[in-house]
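Heads up, the thing below is written out as structure tokens.
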Amino acid sequence: MEKIKLQTPVVFNSRDIKFSSQTVLCGIGSCFAKDILERFFDSGFRGAQNPNGIVYNAVSIFESLKRIVANESYKMEEFFEHNGIFHSWTHHGSFSSESINEALTKANAARSEFREFLNKCNLFIITPSSSVVYEYITGRKIVANCHKVPNNKFERRLLSPEENYKALSDAVHVIKSFNSSCRILFTLSPVRHYPGELILNSQSKAHLLTAIHRCLHDFPELLYFPSYEIMLDELRDYRFYNEDMLHPNELARKIIFERFLETYFDSSAKQLIENNEKLNLSSKHRPLNS
């Protein structure tokens, strides 16, 4: 009797490359990238992620990396005030502050720390999420975050596959110029954007996928992990989403993380993570002192 299939498996070439528990990890991109990397860091891996906070588009990813590699500090005049809070167009809202000095200090500290880890990084993970960008009309600058500034100050547009390719390939070049031995891995964030415009979301993801696979063709040493495809096909059920029906839930993120671990990491890395999970589990069940 033919075996019943409950999933459509995503088959891909993993290149038989295995990283160890000593691997230094860096990464930049969406909230999905942040979740994956924090799982490694919580288990004792060394590294850094998202020096500008969560970023979604390829242009902002490249701009962040270019600044880090050039060792160019952020300046006070690059911050602006809105509703009593100081923000930067190149940073996520987690860097915003009521004090411009505090916002500037946080931005430059994160930049310096990331640069330090990038210098010894073994695996760099790039996780773009959307081709939709918001261009600040004054100065025609693509921003990493709108910081709740009124919509009429921006022009929303879709980056073409060519624009995405240029930004992502430039990101590869700038990383390699700083750390030539670092392996770079692309994965497309599975998070859906624009719940009322799912056709736009599909077009946005398609433009990024086209650009990513062109990079993989042009740079044969690059790696790829199909987070988006696993979510779309292997986890094709709303029980794997949060209540917003847009973000993968904890179970889905754990499944994708375990698949990533199985694909690209050796037994020493798996053992480190397993030991940490056991430690966390035992601490949760430790009886309270009387």
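The values are calculated or read from the model by the stated rules, or taken from the named source; none is laboratory data. Just so we're clear, the structure is a prediction, and the values are computed from it rather than from any experiment. Glycine gets a Cβ as well: all are built from the backbone with ideal geometry, and neighbour counts include every protein chain shown.
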> Limited to region 38-60, what total is found for residues that are closer than 11 Å to T127 by Cα and of a type in the set (A, V, I, L, M, F, W, C)?
Replying inline: 3
>> Regarding region 229-252, can at least one residue be identified that is within 21 Å of I17 (Cα to Cα) and of a type outside the set (A, V, I, L, M, F, W, C)?
In response: yes
>> Anything in region 227-251 that is touching a residue at least 24 places away in the same chain (Cβ under 8 Å), of a type outside the set (F, W, Y) and in a helix (DSSP H, G or I)? List them, or say none.
In response: S227, E229, I230, M231, L232, D233, E234
>> Exactly one condition in (1) without any contact (Cβ under 8 Å) to a residue 60 or more places away in the chain; (2) of a type in the set (F, W, Y); (3) under 21 Å from C121 (Cα atoms) is false for Y74; which is it?
In response: (3)
>> For region 30-37, check the following and say yes or no: at least one residue is at pLDDT below 95 and of a type in the set (G, A, S).
In response: yes
>> I'm trying to understand the selection: among the residues of region 162-219, which are over 17 Å from the mean Cα position of the chain (by Cα), part of a helix (DSSP H, G or I) and small (G, A, S)?
In response: S177, S202, A206
> Restricting attention to region 96-134, which residues are among the hydrophobic types (A, V, I, L, M, F, W, C) and farther than 26 Å from I184 by Cα?
Replying inline: I100, A103, L104
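Return the residues of region 233-271 that are of a type in the set (D, E) and within 27 Å of L25 (Cα to Cα); say none if nothing qualifies. First the steps, then the outcome.
Start the filter on region 233-271 by keeping residues that are of a type in the set (D, E), which leaves 233-234, 237, 243-244, 250, 258, 262, 266.
Within region 233-271, E234, E250, E258, E262, D266 qualify.
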> Among the residues of region 69-100, which ones are β-branched (V, I, T) and within 18 Å of I142 (Cα to Cα)?
Replying inline: T90
> (1) over 19 Å from I142 (Cβ atoms); (2) touching a residue at least 60 places away in the same chain (Cβ under 8 Å); (3) of a type in the set (A, V, I, L, M): which one isn't true of L222, the others all being true?
Replying inline: (2)
> among the hydrophobic types (A, V, I, L, M, F, W, C), farther than 23 Å from K34 by Cβ and touching a residue at least 24 places away in the same chain (Cβ under 8 Å), is that true of F257?
Replying inline: no
>> Looking at region 191-206 only, could you name the residues that are among the charged types (D, E, K, R) and at pLDDT below 95?
In response: R192, E197
>> Residues to consider are E262, E234; find the one that is crowded, with 17+ Cβ neighbours inside 10 Å, of a type in the set (D, E) and either modelled with pLDDT under 95 or touching a helix residue (DSSP H, G or I) at 6+ places or on another chain (Cβ under 9 Å) (or both).
In response: E234
>> Can you find, within region 265-278, the residue that is surrounded by the fewest Cβ atoms within 10 Å (Cβ to Cβ) among those that are assigned to a helix (DSSP H, G or I) and hydrophobic (A, V, I, L, M, F, W, C)?
In response: L272
> Looking at (1) closer than 14 Å to I28 by Cβ; (2) touching a strand residue (DSSP E or B) at 6+ places or on another chain (Cβ under 8 Å), which is the one condition that is false for K66?
Replying inline: (2)
>> Looking at S204 and the list (1) within 21 Å of A252 (Cα to Cα); (2) surrounded by 22 or more Cβ atoms within 10 Å (Cβ to Cβ); (3) of a type in the set (S, T, Y), which single condition is not satisfied?
In response: (1)
